[in-house]
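The structure under discussion appears below in the form of structure tokens.
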Amino acid sequence: MKGHDSRLTQAISAVDKVIGEVNTQAKEVEKEVHAACEKLREMVNMREAQLLSEIETARHQKEKDLVSQKHHLEFLLVGIRESTQFGEVLVKEGSESEIVASQKEVVSRLTSLGQETERSLQPTDSTIAFDVGGFRQVGEAIEVFGSVVSDKEPKKEGAPKKEAALKREAAPKRKEASKEAAPKKKADEEGEEKSSKVLDALPPSKFNLEDWKRTVSNLEEKEAIKFFWKNIDLEGFSLWLVDNKDNPQHKKVFMSSNLIGGFFQRLDSARDYIFGSFGIFGDDNSNDIHGLFVFRGQDIPFEVQDCPEYDSYNFTKITDFSDDSKKNINAFIAWGEIGGLAKFSTIKKKFNTGKNFK
């Protein structure tokens, strides 16, 4: 019996030893699994951040392309209006022979503009499509001049001299209008170029505006605020509070939102130097527009001062960076109040909705 007991004891000891080894191996495997999962999570987070950054960059580039396309179309629209006005003058003032002779010129102008417009309106993706048939219809309508004119009664012999004089008078007016528009466009371009050169010539700043725009778009409010104060360079950038002068006149919230959208749209040329966070406070029939701008440099950029909406806003440079002032700035970044971190200090109405200029 003693021999059997000894063997059983040895067997039990062996089983206990195996159990201990299994437990040890299980813990090691568990650690390896945790480490692998943690590494996988890090890779997923990095990939997520990379994809979000790529999406934001693509969105920004797409928006710039569309705005550029819009400006080109506005330029074409001016040409179309000048051509149609020229045709109207000929119909009203010109003789039969002058109308017929100039018909081809007007049709040629509109055909050329129509073709250029069609090329500029080629969709860049499946979500954009345009119909330029209207330009062809205009050209076809002008070609009807000949048949319409042919039904008119012949004019007296003395008329052509008077009509030719009227035509000569009309032509300089069109040229004068073009001359007036050209210097203004040139002055605007020179002003924007000068502003860009001034801002680009500023000393390098540790605050990367594009990084900030991506951060505020992708991170939670608290993390974005933490990033902002950790990286902001108050020597290379300035902060401004903005209030709309016509606040008491605002009716509907969507109308106030459209005002902000129009203002931001006209600032596109300064997108590389500006960040804005605006809010609408209150409800329909009682709402106000307030906002925060971050400008490159210590002054209001030329592009902002040159904007038609500039005179509709009061701009106040922030020089006080006390805790209360920072909380007010944080509230504009977060689009709301966060206990102990963000609070609007001077605005009594409740935040309704907001828009960012990025």
For the residue pair N258 and S217, what label-to-label distance in nm results when each label sits 7 Å from Cα along the Cα-to-beta-carbon direction? 2.7 nm
For H290, the residues 5 or more places away or on another chain with a placed amide H closer than 5 Å to its own amide H are G279, F281
For the stretch 209-357, what's the relative contact order in percent, using C-alpha pairs closer than 8 Å and at least 6 residues apart? 31 percent
Would you calculate the separation in nanometres between label points at N231 and L202, each defined as 7 Å from the Cα along the Cα-to-beta-carbon direction? 1.6 nm
Note on the stretch 252-358: C-alpha Rg/Rh, Kirkwood Rh, two decimals, gives 0.95
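Among S217, S277, which comes first, then next, by fewest other beta-carbon atoms within 10 Å?
So the residues, fewest neighbours to most, are S217, S277.
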If I model a spin label at M43 and S13 as a point 7 Å from the Cα along the Cα→Cβ vector, what separation in nanometres do I get? 4.7 nm
Could you pull out the pairs from K39/K327; K252/K343; K245/K350 whose alpha carbons sit more than 28 Å apart here? K39/K327
Contour minus Cα-Cα distance for Q50 and R266 (0.36 nm per residue): 74.7 nm
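Values quoted throughout were computed directly from the atomic coordinates according to the rules given, and no laboratory measurement underlies them. The model shown is predicted, which means the values in this text are computed figures rather than measured ones. Heads up, the Cβs are rebuilt from the backbone with ideal geometry, glycines too, and the neighbour counts pull from every protein chain shown.
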